[in-house]
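Comments concern the structure below.
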Amino acid sequence: MSYKKYAKDQWSLGLLLAGFLCLELSFGILTGIPGFYLWITGVGTTLVFFLISYLDYIRKKNFYRALEQGSKNLDKAYLLPELLEKPDFAEGQSVYETMLVMERSMAERIQKYEENNREYKEYIELWVHEIKLPIATGKLLVENNKGQYSDSMIEELERIDAYTEQALFYARSNYVEKDYVLKKISLKQVCTEVIQRNRRLLLKEKIQISLHDLDTEVYSDSKWLAFILQQILSNSVKYMGTGERKLEWYAAAEKEMVKLYLKDTGTGIAEQDLPRVCEKGFTGKNGRTGKNSTGLGLYLCKKLCEKMGHRLEIVSKEGKGCMVIIRFPKGSMTDELF
(Lines give C-alpha, C1' and ligand atoms only; values in the text may rest on other atoms or scores of the structure.)
Protein backbone atom coordinates (compact mmCIF):
# COMPACT_ATOMS: atom_id res chain seq x y z
CA MET A 1 0.00 0.00 0.00
CA SER A 2 1.49 3.35 -1.04
CA TYR A 3 1.22 6.51 1.05
CA LYS A 4 -0.85 8.09 -1.73
CA LYS A 5 -3.51 5.38 -1.33
CA TYR A 6 -3.31 5.70 2.45
CA ALA A 7 -3.76 9.50 2.29
CA LYS A 8 -6.80 9.17 0.02
CA ASP A 9 -8.37 6.87 2.57
CA GLN A 10 -7.86 9.54 5.26
CA TRP A 11 -10.00 12.19 3.50
CA SER A 12 -12.26 12.61 6.56
CA LEU A 13 -9.28 13.64 8.68
CA GLY A 14 -8.25 16.06 5.93
CA LEU A 15 -11.69 17.67 6.11
CA LEU A 16 -11.31 17.90 9.87
CA LEU A 17 -7.94 19.66 9.45
CA ALA A 18 -9.41 22.10 6.90
CA GLY A 19 -12.29 22.86 9.28
CA PHE A 20 -9.85 23.48 12.12
CA LEU A 21 -7.78 25.87 9.99
CA CYS A 22 -10.90 27.78 8.93
CA LEU A 23 -12.00 28.04 12.56
CA GLU A 24 -8.52 29.21 13.56
CA LEU A 25 -8.52 31.86 10.83
CA SER A 26 -11.97 33.11 11.81
CA PHE A 27 -10.99 33.31 15.47
CA GLY A 28 -7.79 35.18 14.62
CA ILE A 29 -9.62 37.76 12.50
CA LEU A 30 -12.28 38.33 15.17
CA THR A 31 -9.73 38.77 17.95
CA GLY A 32 -7.29 40.81 15.89
CA ILE A 33 -4.38 38.37 16.05
CA PRO A 34 -1.67 39.37 13.54
CA GLY A 35 -1.72 37.37 10.26
CA PHE A 36 1.91 36.28 10.72
CA TYR A 37 1.01 34.33 13.87
CA LEU A 38 -2.02 32.84 12.18
CA TRP A 39 0.15 31.70 9.27
CA ILE A 40 2.77 30.15 11.59
CA THR A 41 0.08 28.33 13.58
CA GLY A 42 -1.66 27.02 10.43
CA VAL A 43 1.55 25.74 8.82
CA GLY A 44 2.68 24.15 12.09
CA THR A 45 -0.67 22.44 12.61
CA THR A 46 -0.60 21.11 9.01
CA LEU A 47 2.95 19.79 9.38
CA VAL A 48 2.14 18.07 12.66
CA PHE A 49 -0.93 16.51 11.06
CA PHE A 50 1.04 15.11 8.12
CA LEU A 51 3.84 13.90 10.39
CA ILE A 52 1.40 11.97 12.57
CA SER A 53 -0.31 10.65 9.44
CA TYR A 54 2.98 9.46 7.90
CA LEU A 55 4.13 7.77 11.14
CA ASP A 56 0.79 5.94 11.29
CA TYR A 57 1.27 4.89 7.63
CA ILE A 58 4.76 3.51 8.39
CA ARG A 59 3.31 1.53 11.30
CA LYS A 60 0.67 -0.10 9.09
CA LYS A 61 2.62 -0.36 5.83
CA ASN A 62 4.54 -3.58 6.55
CA PHE A 63 1.40 -5.49 7.50
CA TYR A 64 -0.58 -4.49 4.42
CA ARG A 65 2.41 -4.98 2.11
CA ALA A 66 2.94 -8.51 3.46
CA LEU A 67 -0.79 -9.10 3.00
CA GLU A 68 -0.73 -8.02 -0.66
CA GLN A 69 2.46 -9.88 -1.62
CA GLY A 70 1.46 -13.05 0.19
CA SER A 71 -1.94 -13.23 -1.50
CA LYS A 72 -0.22 -12.97 -4.91
CA ASN A 73 2.72 -15.32 -4.34
CA LEU A 74 1.22 -18.13 -2.27
CA ASP A 75 -0.27 -21.13 -4.07
CA LYS A 76 -2.49 -21.74 -1.04
CA ALA A 77 -3.48 -18.19 -0.15
CA TYR A 78 -5.67 -19.36 2.73
CA LEU A 79 -2.46 -20.19 4.67
CA LEU A 80 -1.35 -16.54 4.58
CA PRO A 81 -2.15 -15.83 8.28
CA GLU A 82 0.50 -18.41 9.24
CA LEU A 83 3.17 -16.19 7.64
CA LEU A 84 1.96 -12.86 9.03
CA GLU A 85 2.86 -11.31 12.35
CA LYS A 86 -0.02 -10.01 14.41
CA PRO A 87 -0.15 -6.22 13.85
CA ASP A 88 -0.07 -3.70 16.69
CA PHE A 89 -3.02 -1.54 15.53
CA ALA A 90 -6.71 -2.26 16.06
CA GLU A 91 -7.79 -2.28 12.42
CA GLY A 92 -5.04 -4.73 11.42
CA GLN A 93 -5.76 -6.97 14.41
CA SER A 94 -9.39 -7.20 13.36
CA VAL A 95 -8.35 -8.18 9.82
CA TYR A 96 -5.79 -10.66 11.14
CA GLU A 97 -8.25 -12.38 13.50
CA THR A 98 -10.87 -12.60 10.73
CA MET A 99 -8.32 -14.20 8.42
CA LEU A 100 -7.44 -16.77 11.11
CA VAL A 101 -11.10 -17.77 11.39
CA MET A 102 -11.32 -18.06 7.58
CA GLU A 103 -8.12 -20.13 7.47
CA ARG A 104 -9.44 -22.60 10.06
CA SER A 105 -12.72 -22.90 8.20
CA MET A 106 -10.96 -23.48 4.88
CA ALA A 107 -8.57 -26.02 6.42
CA GLU A 108 -11.52 -27.96 7.85
CA ARG A 109 -13.29 -27.97 4.48
CA ILE A 110 -10.14 -29.13 2.67
CA GLN A 111 -9.55 -31.88 5.22
CA LYS A 112 -13.14 -33.08 4.81
CA TYR A 113 -12.80 -32.98 1.02
CA GLU A 114 -9.54 -34.95 1.14
CA GLU A 115 -11.11 -37.55 3.42
CA ASN A 116 -14.10 -37.95 1.08
CA ASN A 117 -11.77 -38.16 -1.91
CA ARG A 118 -9.59 -40.77 -0.19
CA GLU A 119 -12.64 -42.84 0.76
CA TYR A 120 -13.91 -42.69 -2.82
CA LYS A 121 -10.49 -43.73 -4.16
CA GLU A 122 -10.36 -46.65 -1.72
CA TYR A 123 -13.86 -47.70 -2.76
CA ILE A 124 -12.97 -47.62 -6.46
CA GLU A 125 -9.82 -49.66 -5.85
CA LEU A 126 -11.78 -52.22 -3.80
CA TRP A 127 -14.53 -52.37 -6.42
CA VAL A 128 -12.04 -52.92 -9.27
CA HIS A 129 -10.27 -55.71 -7.38
CA GLU A 130 -13.61 -57.35 -6.59
CA ILE A 131 -14.96 -57.08 -10.15
CA LYS A 132 -11.80 -58.58 -11.65
CA LEU A 133 -12.58 -61.95 -10.05
CA PRO A 134 -15.94 -62.52 -11.81
CA ILE A 135 -14.41 -61.26 -15.06
CA ALA A 136 -11.58 -63.82 -14.80
CA THR A 137 -14.11 -66.50 -13.84
CA GLY A 138 -16.24 -65.61 -16.85
CA LYS A 139 -13.23 -66.00 -19.16
CA LEU A 140 -12.47 -69.44 -17.74
CA LEU A 141 -16.09 -70.55 -18.12
CA VAL A 142 -16.20 -69.42 -21.73
CA GLU A 143 -12.85 -71.03 -22.61
CA ASN A 144 -13.87 -74.34 -20.96
CA ASN A 145 -17.28 -74.36 -22.63
CA LYS A 146 -16.63 -73.45 -26.23
CA GLY A 147 -19.64 -72.41 -28.19
CA GLN A 148 -20.79 -70.33 -31.11
CA TYR A 149 -20.16 -67.00 -29.36
CA SER A 150 -17.15 -67.93 -27.24
CA ASP A 151 -14.68 -65.67 -29.01
CA SER A 152 -17.08 -62.74 -28.91
CA MET A 153 -17.76 -63.28 -25.23
CA ILE A 154 -14.04 -63.41 -24.38
CA GLU A 155 -13.47 -60.25 -26.41
CA GLU A 156 -16.22 -58.40 -24.52
CA LEU A 157 -14.93 -59.63 -21.17
CA GLU A 158 -11.44 -58.42 -22.04
CA ARG A 159 -12.88 -55.06 -22.99
CA ILE A 160 -14.68 -54.85 -19.62
CA ASP A 161 -11.42 -55.82 -17.92
CA ALA A 162 -9.57 -53.03 -19.76
CA TYR A 163 -12.12 -50.40 -18.74
CA THR A 164 -12.09 -51.47 -15.10
CA GLU A 165 -8.30 -51.28 -15.08
CA GLN A 166 -8.49 -47.80 -16.60
CA ALA A 167 -10.88 -46.81 -13.79
CA LEU A 168 -8.40 -48.09 -11.22
CA PHE A 169 -5.48 -46.18 -12.69
CA TYR A 170 -7.61 -43.06 -13.04
CA ALA A 171 -8.53 -43.24 -9.34
CA ARG A 172 -4.85 -43.60 -8.45
CA SER A 173 -3.52 -40.99 -10.89
CA ASN A 174 -3.56 -38.13 -8.34
CA TYR A 175 -1.60 -40.26 -5.87
CA VAL A 176 0.78 -41.95 -8.32
CA GLU A 177 3.88 -40.68 -6.49
CA LYS A 178 2.87 -42.88 -3.53
CA ASP A 179 2.24 -45.94 -5.67
CA TYR A 180 5.15 -46.28 -8.09
CA VAL A 181 8.80 -47.23 -7.63
CA LEU A 182 11.32 -46.09 -10.21
CA LYS A 183 13.96 -48.69 -10.92
CA LYS A 184 15.94 -50.04 -13.83
CA ILE A 185 13.70 -52.19 -16.04
CA SER A 186 13.99 -53.87 -19.44
CA LEU A 187 12.04 -52.14 -22.19
CA LYS A 188 11.97 -55.35 -24.19
CA GLN A 189 10.41 -57.31 -21.35
CA VAL A 190 7.64 -54.77 -20.69
CA CYS A 191 6.83 -54.30 -24.38
CA THR A 192 6.76 -58.06 -24.98
CA GLU A 193 4.43 -58.64 -22.04
CA VAL A 194 1.97 -56.02 -23.32
CA ILE A 195 2.00 -57.53 -26.82
CA GLN A 196 1.50 -61.06 -25.42
CA ARG A 197 -1.42 -59.90 -23.31
CA ASN A 198 -3.12 -58.57 -26.46
CA ARG A 199 -2.17 -61.42 -28.82
CA ARG A 200 -5.80 -62.56 -29.26
CA LEU A 201 -6.92 -59.09 -30.33
CA LEU A 202 -3.91 -58.55 -32.60
CA LEU A 203 -4.44 -61.91 -34.35
CA LYS A 204 -8.13 -61.20 -34.84
CA GLU A 205 -7.39 -57.76 -36.31
CA LYS A 206 -4.59 -59.25 -38.47
CA ILE A 207 -2.09 -56.64 -37.34
CA GLN A 208 1.59 -57.17 -38.09
CA ILE A 209 3.92 -56.60 -35.12
CA SER A 210 7.51 -55.42 -35.33
CA LEU A 211 9.55 -55.14 -32.11
CA HIS A 212 13.23 -54.32 -32.52
CA ASP A 213 16.13 -52.45 -30.88
CA LEU A 214 14.49 -52.79 -27.46
CA ASP A 215 17.49 -54.33 -25.69
CA THR A 216 17.95 -51.37 -23.39
CA GLU A 217 17.11 -50.52 -19.80
CA VAL A 218 15.38 -47.42 -18.48
CA TYR A 219 14.35 -46.07 -15.11
CA SER A 220 10.59 -46.43 -14.76
CA ASP A 221 7.88 -48.43 -12.99
CA SER A 222 7.02 -51.57 -14.94
CA LYS A 223 3.37 -51.64 -13.82
CA TRP A 224 2.65 -48.01 -14.74
CA LEU A 225 4.66 -48.22 -17.96
CA ALA A 226 2.77 -51.36 -18.99
CA PHE A 227 -0.53 -49.52 -18.44
CA ILE A 228 0.69 -46.60 -20.58
CA LEU A 229 1.74 -48.96 -23.38
CA GLN A 230 -1.60 -50.79 -23.11
CA GLN A 231 -3.52 -47.54 -23.63
CA ILE A 232 -1.40 -46.60 -26.64
CA LEU A 233 -1.75 -50.10 -28.13
CA SER A 234 -5.53 -50.00 -27.66
CA ASN A 235 -5.71 -46.67 -29.48
CA SER A 236 -3.53 -47.97 -32.30
CA VAL A 237 -5.78 -51.00 -32.81
CA LYS A 238 -8.98 -48.97 -32.49
CA TYR A 239 -7.91 -46.48 -35.17
CA MET A 240 -5.92 -48.85 -37.41
CA GLY A 241 -7.97 -48.23 -40.55
CA THR A 242 -8.37 -50.48 -43.59
CA GLY A 243 -4.99 -50.15 -45.33
CA GLU A 244 -1.67 -51.48 -44.10
CA ARG A 245 -2.07 -52.80 -40.56
CA LYS A 246 1.22 -52.64 -38.75
CA LEU A 247 2.64 -51.75 -35.33
CA GLU A 248 6.33 -50.96 -34.90
CA TRP A 249 7.90 -50.47 -31.49
CA TYR A 250 11.59 -49.69 -31.10
CA ALA A 251 13.97 -47.65 -28.93
CA ALA A 252 16.89 -45.35 -29.58
CA ALA A 253 19.47 -44.29 -27.00
CA GLU A 254 20.75 -40.71 -27.02
CA LYS A 255 23.19 -38.83 -24.80
CA GLU A 256 20.76 -37.76 -22.07
CA MET A 257 17.75 -39.97 -22.74
CA VAL A 258 16.27 -43.11 -24.24
CA LYS A 259 13.40 -42.66 -26.68
CA LEU A 260 10.76 -45.34 -27.12
CA TYR A 261 8.95 -45.05 -30.47
CA LEU A 262 5.46 -46.53 -30.83
CA LYS A 263 4.36 -46.28 -34.47
CA ASP A 264 1.20 -47.45 -36.22
CA THR A 265 -0.20 -47.22 -39.72
CA GLY A 266 -3.67 -46.13 -38.62
CA THR A 267 -5.92 -43.27 -39.60
CA GLY A 268 -3.78 -40.70 -37.83
CA ILE A 269 -4.92 -37.57 -35.99
CA ALA A 270 -6.37 -34.45 -37.59
CA GLU A 271 -4.05 -31.43 -37.42
CA GLN A 272 -6.56 -29.34 -35.45
CA ASP A 273 -7.00 -32.15 -32.88
CA LEU A 274 -3.31 -32.92 -32.30
CA PRO A 275 -2.62 -30.19 -29.68
CA ARG A 276 -5.60 -31.36 -27.59
CA VAL A 277 -5.48 -35.16 -27.77
CA CYS A 278 -4.04 -35.43 -24.25
CA GLU A 279 -6.72 -33.25 -22.68
CA LYS A 280 -9.12 -34.95 -20.31
CA GLY A 281 -12.31 -36.05 -22.07
CA PHE A 282 -11.23 -34.81 -25.52
CA THR A 283 -12.18 -37.30 -28.26
CA GLY A 284 -11.63 -35.25 -31.40
CA LYS A 285 -12.62 -36.17 -34.94
CA ASN A 286 -11.72 -39.87 -34.57
CA GLY A 287 -13.74 -40.19 -31.38
CA ARG A 288 -16.87 -38.99 -33.18
CA THR A 289 -16.78 -41.78 -35.77
CA GLY A 290 -18.40 -44.51 -33.67
CA LYS A 291 -15.22 -45.68 -31.89
CA ASN A 292 -16.65 -45.23 -28.36
CA SER A 293 -13.70 -43.14 -27.23
CA THR A 294 -13.65 -42.00 -23.59
CA GLY A 295 -10.98 -39.34 -23.98
CA LEU A 296 -9.13 -40.68 -20.92
CA GLY A 297 -6.45 -42.98 -22.35
CA LEU A 298 -3.93 -40.43 -23.63
CA TYR A 299 -4.81 -38.04 -20.81
CA LEU A 300 -3.75 -40.67 -18.26
CA CYS A 301 -0.66 -41.59 -20.29
CA LYS A 302 0.60 -38.01 -20.31
CA LYS A 303 -0.25 -37.44 -16.65
CA LEU A 304 1.52 -40.60 -15.46
CA CYS A 305 4.55 -39.93 -17.65
CA GLU A 306 4.96 -36.45 -16.20
CA LYS A 307 4.69 -37.72 -12.63
CA MET A 308 7.40 -40.33 -13.29
CA GLY A 309 9.73 -37.81 -14.94
CA HIS A 310 9.11 -39.08 -18.47
CA ARG A 311 7.94 -37.04 -21.43
CA LEU A 312 5.27 -38.07 -23.91
CA GLU A 313 5.10 -36.63 -27.41
CA ILE A 314 2.70 -37.44 -30.26
CA VAL A 315 3.53 -36.96 -33.94
CA SER A 316 0.79 -37.65 -36.45
CA LYS A 317 -0.82 -36.63 -39.70
CA GLU A 318 -4.34 -37.51 -40.76
CA GLY A 319 -4.31 -40.60 -42.97
CA LYS A 320 -0.58 -41.19 -42.37
CA GLY A 321 -0.56 -43.07 -39.08
CA CYS A 322 0.59 -41.99 -35.63
CA MET A 323 3.82 -42.12 -33.65
CA VAL A 324 4.00 -41.79 -29.86
CA ILE A 325 7.43 -41.05 -28.37
CA ILE A 326 8.20 -41.63 -24.69
CA ARG A 327 11.42 -40.07 -23.44
CA PHE A 328 13.20 -41.62 -20.44
CA PRO A 329 15.98 -39.50 -18.85
CA LYS A 330 19.35 -41.12 -18.21
CA GLY A 331 22.93 -40.20 -17.42
CA SER A 332 23.36 -36.97 -15.45
CA MET A 333 19.61 -36.33 -15.44
CA THR A 334 18.99 -39.76 -13.90
CA ASP A 335 21.75 -39.25 -11.35
CA GLU A 336 19.94 -36.18 -10.04
CA LEU A 337 16.74 -38.19 -9.51
CA PHE A 338 18.23 -41.31 -7.98
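The values are calculated or read from the model by the stated rules, or taken from the named source; none is laboratory data. Keep in mind that what you see is a predicted model, and the values were worked out from it rather than measured. Methodologically, a virtual Cβ is constructed for each residue, glycine included, from the backbone with ideal geometry; neighbour enumeration extends over all protein chains shown. We work out accessible area using only protein heavy atoms, side chains counted, and drop any ligands, DNA or RNA first. Shrake-Rupley method; radii C 1.70, N 1.55, O 1.52, S 1.80 Å.
Here are some notes:
- Taking the 1.4 Å solvent-accessible surface of region 121-261 as the whole, the part contributed by carbon and sulfur is 52%.
- Tensor-based shape of region 138-195 (alpha-carbon gyration tensor, a/c under 1.5 rounded, otherwise prolate or oblate): oblate
- Cα shape, region 234-332, gyration tensor, a/c 1.5 rule: oblate
- For region 86-203, size of Cβ-based charge dipole, Lys and Arg +1, Asp and Glu -1, in debye: 700 debye
- Segments 144-150, 203-209 sorted - mean Cβ within 10 Å per residue, highest first: 203-209, 144-150
- Overall form of region 103-234: oblate. Here a/c, set by the Cα gyration tensor axes a ≥ b ≥ c, is 1.5 or more, and a/b is not larger than b/c.
- The stretch between LEU47 and LYS280, if pulled fully straight at 0.36 nm per residue, gains 77.5 nm over its current Cα-Cα span.
- Placing +1 on each Lys and Arg Cβ and -1 on each Asp and Glu Cβ, with no other charges, gives region 138-291 a dipole about its Cα centre of roughly 240 debye.
- Solvent-accessible area per residue for region 166-278 (1.4 angstrom probe, square angstrom): 51 Å²
- Within region 162-300, antiparallel bridges make up roughly 70 percent of the DSSP beta bridges whose residues both belong there.
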